[in-house]
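Undergrad: The structure that follows is given in the form of structure tokens.
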Amino acid sequence: MSKKIVVITGSPRKDGNSFAMTDAFIKAAESKGHSVVRFDAAMMNLGGCHACETCFKTGKACSFDDDFNIIAPEILDADAVVLTMPVYWYSIPAQIKCVIDHIYSFCVAGKDIAGKKCGLIACCEENDVTVLDGVRIPVERSAALLKWDMFGEVLVPGVLNVGDIEKTDGCARAAALADKL
Ligand SMILES: Cc1cc2nc3c(=O)[nH]c(=O)nc-3n(C[C@H](O)[C@H](O)[C@H](O)COP(=O)(O)O)c2cc1C
């Protein structure tokens, strides 16, 4: 059955490794008849959560002038949310962390977002796959809290420069992730 997928990227490098995997996933998902809405967080006007807890009280998800207000309706409507990012300092890049933090707005406003699927595509420079724990563990725990089902993860260590992903099976694995939807 055709699913609605929201893809949110976290890298500022448009020709980088996680974008290449993102493109491979989207191409595969669309070829299977799924619809994809993509947001490139690094190219959007996103800030951190102000913890004002006035979410949705002013008619929009975030009371501040933040592009999460463009993303929020699409997440509410989605069957699956796929997060893609590099590792920055053993953690989630600030660019996409702003989006993840704003998901708090659904909790504050009591919106029912349980039951979605969640996927993760991530990469890092170091060859040690446990470096990716810095993004994998918070995403998995957040998904569990939200009652989202982790349907797949593509975690690729050992890629630093633009193009390095082509020396790995990362894009093939990202495309194969679409089979799990
Ligand atoms: C600010 C910054 C911090 C980084 N921190 C880490 C790190 O902690 N561990 C690591 O293995 N790679 C780190 N990297 C390398 C990136 O994860 C790696 O280059 C990745 O392939 C970039 O993905 P992209 O091309 O999609 O942006 C860092 C890169 C930048 C720019």
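Undergrad: Taking every DSSP beta bridge that has both residues in the chain, what percent is antiparallel when rounded to the nearest 5? Walk me through the numbers before you get to the answer.
TA: Numbers: 1 of 26 bridges.
The antiparallel proportion sits near 5 percent.
Undergrad: So what is log10(I(q)/I(0)) for the stretch 29-121 at q = 0.19, 0.23 1/Å, when the Debye sum runs over its Cα atoms only?
TA: Each listed q corresponds, in turn, to -0.96, -1.31.
Undergrad: Please compute the length gained on full extension between D15 and K180, using 0.36 nm multiplied by the number of residues separating them and subtracting their Cα-Cα distance. Walk me through the numbers before you get to the answer.
TA: On the way: separation 165, 0.36 × 165 = 59.40 nm, distance 2.58 nm.
Result for the pair: 56.8 nm of gain on full extension.
Undergrad: Calculate what fraction, in whole %, of the accessible area of the stretch 4-180 sits on carbon and sulfur atoms when a 1.4 Å probe is rolled over the protein chains. Before the final figure, lay out the partial values.
TA: Working: 4140 of 8110 Å².
C and S atoms contribute 51 percent here.
Undergrad: Taking 22 Å as R0, compute the FRET efficiency from the Cβ-Cβ separation of D77 and H50 and round it to 0.05. All intermediate terms of the calculation are to be shown ahead of the outcome.
TA: On the way: r = 25 Å, r/R0 = 1.12.
Between D77 and H50 the formula returns 0.35.
Undergrad: Hey, another quick one. When the helix-only estimate is applied to the chain (DSSP H runs of n ≥ 4, each -39,500 (n - 2.57), divided by the residue count), what is the mean residue ellipticity at 222 nm, nearest 500 deg cm²/dmol? Please report the intermediate quantities before stating the final value.
TA: Details: 6 runs with 61 residues, N = 181.
Theoretical 222 nm ellipticity from helices: -10000 deg cm²/dmol.
Undergrad: Calculate I(q)/I(0) for the stretch 4-180 by the Debye formula, one identical point scatterer on each C-alpha and no solvent, and give its log10 at q = 0.17 Å⁻¹ to two decimals.
TA: Debye curve over Cα of the stretch 4-180, log10 I(q)/I(0) at q = 0.17 Å⁻¹: -1.03.
Undergrad: Which whole-number percentage describes the relative contact order of the chain, with Cα contacts under 8 Å and a sequence gap of 6 or more? List each step's numbers first, then the result.
TA: Values: 346 pairs, mean separation 52.1, N = 181.
It rounds to 29 percent for the chain.
Undergrad: Taking a cut-off of 22 Å between Cα atoms, list the lysines near K116, but don't count ones fewer than 8 places away on the same chain.
TA: K3, K4, K27, K32, K60, K97, K147, K180
Undergrad: Which value, in debye to the nearest 20, describes the size of the charge dipole of the chain about its Cα centre when Lys and Arg Cβ atoms bear +1, Asp and Glu Cβ atoms bear -1, and nothing else is charged?
TA: Values: 19 positive and 24 negative charges, 98 e Å.
Computed charge dipole of the chain: roughly 480 debye.
Undergrad: Under 19 Å from a point placed 7 Å out from the Cα of K57 along the Cα-to-Cβ direction: which residues of the stretch 103-134 have their backbone N that close?
TA: Residues 103-112 qualify, since their backbone N sits under 19 Å from the label point.
Undergrad: May I pose another question? Grab the Cα-Cα distance for F64 and T130, subtract it from 0.36 nm times how many residues apart they are, and report the gain in nm with one decimal. Write down the numbers at each step before the final one.
TA: Details: separation 66, 0.36 × 66 = 23.76 nm, distance 3.62 nm.
Length gained, F64 through T130: 20.1 nm.
Undergrad: Next question. Specify which residue in the list S11, C52, M21 is farthest towards the positive end of the charge dipole of the chain, using unit charges on the beta carbon of Lys, Arg (+1) and Asp, Glu (-1), about the Cα centre.
TA: C52
Undergrad: Given Cα pairs under 8 Å that are at least 6 residues apart, what percent is the relative contact order of the stretch 1-88? It would help to have the intermediate numbers written out before the result.
TA: Working: 116 pairs, mean separation 40.8, N = 88.
It rounds to 46 percent for the stretch 1-88.
Undergrad: Consider a paramagnetic label point 7 Å from the Cα of S35 along Cα→Cβ; state which residues of the stretch 47-88 have an amide N under 19 Å from it.
TA: Within reach of a label on S35, which here means backbone N under 19 Å from a point 7 Å along Cα→Cβ, the stretch 47-88 contributes 70-82.
Undergrad: Counting only heavy atoms of protein chains, what accessible area per residue, in Å², does the stretch 4-180 have with a probe of 1.4 Å? Write down the numbers at each step before the final one.
TA: Numbers: 8110 Å² over 177 residues.
Heavy-atom SASA per residue in the stretch 4-180 reads 46 Å².
Undergrad: Which ³J(HN,Hα) values, rounded to whole Hz and listed in residue order, are derived for the stretch 32-38 from phi using the Karplus coefficients 6.51, -1.76 and 1.60 in 6.51 cos²θ - 1.76 cosθ + 1.60 with θ = phi - 60°, glycine and proline given as x?
TA: 3J(HN,Hα) across the stretch 32-38, in whole Hz: 8, x, 7, 9, 10, 10, 10.
The values are calculated or read from the model by the stated rules, or taken from the named source; none is laboratory data. Here the structure is a predicted model, which means the values were calculated and not measured. Because the Cβ atoms are built from the backbone with ideal geometry, glycine has one as well, and the counts that use them run over all protein chains shown. To get the accessible areas, we keep the full protein, side chains included, count just its heavy atoms, and leave off ligands, DNA and RNA. Shrake-Rupley method; radii C 1.70, N 1.55, O 1.52, S 1.80 Å.
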